[in-house]
Amino acid sequence: MTAIAFIGLGNMGGPMAANLVRAGHEVTGFDLNPAGVQALVAAGGKQAASAGEAARAADVVITMLPAGEHVRAVWTGQGGLIDVAKQRGGEKPLLIDCSTIDVESARAVAEEARAAGFDMLDAPVSGGVGGAQAGTLTFMVGGPDAGFARGEPILKAMGKNIVHAGASGAGQAAKICNNMMLAINMAGLAEGLVLATKLGLDHAKLFQIASTSSGQSWALTTYCPSPGLVPTAPANRDYAGGFATALMLKDVRLSQAAAEAVGAPTPLGAHAAKLYAALAEAGEAGRDFSAIYPWLAKQARGSVGEG
Ligand code: NAD
């Protein structure tokens, strides 16, 4: 049993914290939104009145927040979680941020933690809300070896694949590369489906052929944006739930900011950022990002609906 502080009990953090409780850990949580805290208490966790109070006696401190600015605000500066950890006697707590944020913020926060004598891991996840609930997330982890060795058994209570990607920031780097690849992939698949419709080709036939040919992809075989082909895909729920277009847009923009900073050519990533921005502006920010397919289909000449 480990005393764990969990800050950020939203769509992802809520079920992740509940899985830590289920694994026998003592979890104390805080979120600005009381509903998240109440859900943790209902799952057997404890509530705190602030992030600092949650972290005061914790052996492991975990955050799952929206973006870099929230992570910097919660961890750094006077009264931040690193400051709180400094006040604690006994063994030094392990610090873990699971949010998807920019590499620069992840490295800056980890550096402040290191300078204060703590191991900190950036450990963003893949697998969505379903993976968070089922405890099958993939964790991409950046940080020192000793911190990874200590954190791995804790992360295992929330995920299936725990990969040490490298030094601080490597977890975030892996996450934004993966999501940029997925964003491009899904847009390409949407184009293939729209073209198939216009050429009079049945989507089920294209699926049967492409899923065993060189056009095969995760987006096609496990997340197909054309309804009726992969039962668990958000396309069958009118693109509800899943991974919101707004979050995909955030991640592609993070990839483009990183690419610009290091001088990596990512022309398709840049174009994907424009496509998902247009999708979000068209009112689809809250729907799954695979809604790029019906959005594109509606733009086809002579179109009356979704492909
Ligand atoms: P969310 O908005 O549901 O949850 C974030 C929570 O953080 C909210 O409950 C909010 O109240 C809380 N919060 C914000 N500032 C806070 C503060 N200062 N103190 C305490 N709580 C604070 O978002 P989510 O879907 O859970 O995503 C969290 C992170 O995980 C994001 O970085 C996202 O990109 C990433 N992610 C999400 C998914 C997904 O499918 N939803 C998948 C992989 C990764």
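The values are calculated or read from the model by the stated rules, or taken from the named source; none is laboratory data. Predicted, not measured: the structure shown is a model, and the values here were computed from it. Every residue, glycine as well, gets a Cβ built from its backbone with ideal geometry; the counts of neighbours run over all protein chains shown. Surface accessibility is based on the protein's heavy atoms, side chains included, excluding ligands, DNA and RNA. Shrake-Rupley method; radii C 1.70, N 1.55, O 1.52, S 1.80 Å.
In summary, strands (runs of 3 or more DSSP E) completely within segment 57-127 and bearing 1 or more residues that are among the acidic types (Asp, Glu) occur at 94-97, 120-122.
Only residues that are more than 15 Å from the ligand (Cβ to nearest atom), surrounded by fewer than 16 Cβ atoms within 10 Å (Cβ to Cβ) and assigned to a helix (DSSP H, G or I) were counted across segment 11-40, and they come to 1.
The condition of being open to solvent by less than 10 Å² (accessible area, probe 1.4 Å) and either within 16 Å of the ligand (Cβ to nearest atom) or over 14 Å from the mean Cα position of the chain (by Cα) (or both) holds for only one of ALA108, ALA113, ALA134, ALA146, that being ALA113. Among the helices (runs of 4 or more DSSP H) confined to segment 217-307, the ones with at least 3 residues that are closer than 22 Å to ALA67 by Cα are located at 245-262, 267-279.
All conditions in (1) surrounded by 23 or more Cβ atoms within 10 Å (Cβ to Cβ); (2) more than 12 Å from the ligand (Cβ to nearest atom) hold for ALA3, with the sole exception of (1). Output the residue which, of all residues in segment 116-131 that are of a type outside the set (Gly, Ala, Ser) and touching a strand residue (DSSP E or B) at 6+ places or on another chain (Cβ under 9 Å), is farthest from the ligand (Cβ to nearest atom). So, considering only residues that are of a type outside the set (Gly, Ala, Ser) and touching a strand residue (DSSP E or B) at 6+ places or on another chain (Cβ under 9 Å), the one farthest from the ligand (Cβ to nearest atom) is ASP119.
When segment 223-260 is filtered for residues that are among the small types (Gly, Ala, Ser), at pLDDT 95 or above and at positive phi, only GLY228 remains. Put simply, of SER217, SER226, SER213 the only residue that is open to solvent by 40 Å² or more (accessible area, probe 1.4 Å), in the same structural domain as CYS177 (by TED's automatic domain parsing) and more than 13 Å from the ligand (Cβ to nearest atom) is SER213. For LYS250, state whether it is among the basic types (Lys, Arg) and open to solvent by 60 Å² or more (accessible area, probe 1.4 Å). Judged against the criteria, LYS250 is not a match.
Taken together, the residues in segment 30-66 that are under 21 Å from ASP119 (Cα atoms) and of a type outside the set (Lys, Arg) amount to 14. Here LEU201 passes the criteria (1) over 15 Å from the mean Cα position of the chain (by Cα); (2) in the same structural domain as LYS250 (by TED's automatic domain parsing); (3) in a helix (DSSP H, G or I) except the one numbered (3). The condition of being closer than 25 Å to GLU152 by Cβ and out of contact with any Ser or Thr (no Cβ under 7 Å at 6 or more places or on another chain) holds for only one of ASP83, ASP102, that being ASP102. Against the numbered list (1) touching a residue at least 60 places away in the same chain (Cβ under 8 Å); (2) more than 28 Å from GLY242 (Cβ to Cβ), LEU20 comes up short only at (2). Residues in segment 156-187 that are without any contact (Cβ under 8 Å) to a residue 40 or more places away in the chain, open to solvent by less than 30 Å² (accessible area, probe 1.4 Å) and closer than 18 Å to GLY127 by Cβ: GLY159, ILE162.
Considering segment 52-82, and only residues there that are open to solvent by 20 Å² or more (accessible area, probe 1.4 Å) and touching a Gly at 6+ places or on another chain (Cβ under 7 Å), the residue that is nearest to ARG253 (Cα to Cα) turns out to be LEU65.
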